[in-house]
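Asker: This is the structure I want to talk about, given as structure tokens.
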Amino acid sequence: MAGARAAIRYAKAVLSLASDRKSAEAVNNDMKLIANTIVESKDLSDTLQSPVISSSVKKAVLLEVFKKSDKTTLSLIDTLVNNNRIDVLGQVALKYNQLFDESKGIELATVTTAIALTADLKKKVLAKAKELTGKNVEVENIIDESILGGFILRIGDIQYNASIANQLNKLKREFTLN
């Protein structure tokens, strides 16, 4: 992944600056918005990656789209444009969110289910994840109908697969070995 090391460095620097300015939470919200917007908008993503579009145009677009952002976030955009690294903005945003969560002792858990999690089930998953990690956990629900039912829980390097598709595959392997 090109620019990953640079993204980490920028994210650490922005987190440090935002913490000093007591605006780390606001910048975290901006970074979530930036990351989601870049992922969801192919036009914006293509604009940031394009070598044909000038830096000044990219900066103008970003300042218009994210004009209500914290001044630390706007300063990051300015710095990335000046250093010709604006193409790593999405990676910086994701890394910032990750570093911010780590600094607050929050772990991200992804739960893959065939249907959307209900509030009651989400509460149970949060309790189980907190029990496994000993940390506060935020749950991200990914819907994948191919697992048929059950769930797959991922927390950092830990994965717990309780999907119907996984259980069917285990049975299939058992029958083919015997």
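The values are calculated or read from the model by the stated rules, or taken from the named source; none is laboratory data. It should be emphasised that the depicted structure is a prediction, and the values quoted were computed from it without experimental measurement. Neighbour counts are summed over all protein chains in view; Cβ atoms, including those assigned to glycine, are modelled from backbone coordinates with ideal geometry. Side chains included, ligands, DNA and RNA excluded: accessible areas come from the protein's heavy atoms. Shrake-Rupley method; radii C 1.70, N 1.55, O 1.52, S 1.80 Å.
Asker: Suppose every K and R has +1 on its Cβ and every D and E has -1 on its Cβ; what is the size of the dipole of the range 59-178 about the Cα centre, in Debye to the nearest 20?
Answerer: So the dipole magnitude of the range 59-178 works out to roughly 140 debye.
Asker: Another one. If you take the charge dipole of the range 41-178 about its Cα centre, with +1 on Lys and Arg Cβ and -1 on Asp and Glu Cβ, which of 99, 49, 84 is farthest toward its positive end?
Answerer: With unit charges placed on the Cβ atoms, the residue in question is 99.
Asker: About the Cα centre of the range 1-122, how large is the charge dipole given +1 on each Lys and Arg Cβ and -1 on each Asp and Glu Cβ? Please answer in debye to the nearest 20.
Answerer: Value, rounded to 20: 340 debye.
Asker: Right, next: Between the DSSP loop rule and a limit of at most 11 other Cβ atoms within 10 Å, which trypsin sites (Lys or Arg not before Pro) in the range 54-98 are left?
Answerer: Counting only loop positions with at most 11 other Cβ atoms within 10 Å, the trypsin sites (Lys or Arg not before Pro) in the range 54-98 are 67, 68.
Asker: List the pairs from 67/123; 67/124; 123/170; 68/130 whose alpha-carbon separation is above 31 Å, in the order I gave them.
Answerer: Correct reply: 67/123; 67/124; 68/130.
Asker: Could I ask something else about it? Roughly speaking, to the nearest percent, how much of the range 82-178's 1.4 Å accessible area is carbon and sulfur?
Answerer: The nonpolar share, carbon plus sulfur, comes to 53 percent.
Asker: Considering only the other residues whose Cβ falls under 14 Å of the Cβ of residue 140, what net charge follows from Lys and Arg at +1 and Asp and Glu at -1?
Answerer: With Lys, Arg at +1 and Asp, Glu at -1, the net is -1.
Asker: Would you calculate a helix-derived [θ] at 222 nm for the chain, using -39,500 (n - 2.57) for each DSSP H run of n ≥ 4 and dividing by the full residue count, to the nearest 500?
Answerer: -19500 deg cm²/dmol
Asker: For the range 75-148, what does the accessible surface come to per residue with a 1.4 Å probe? Please give it in Å².
Answerer: On a per-residue basis, the range 75-148 sits at 56 Å².
Asker: Right, here's the next one. In degrees, nearest 10, range 0 to 90: what is the angle between the Cα axis of helix 71-82 and the longest Cα principal axis of the chain?
Answerer: The answer is roughly 80 degrees.
Asker: OK, next. Report, in debye and to the nearest 20, how large the dipole of the range 119-178 comes out about its Cα centre when Lys and Arg carry +1 and Asp and Glu carry -1 on their Cβ.
Answerer: So the dipole magnitude of the range 119-178 works out to roughly 200 debye.
Asker: While we're looking at this one, here's another question. Normalised by the residues of the chain, what does the relative contact order come to in percent, with Cα pairs under 8 Å and at least six apart?
Answerer: 21
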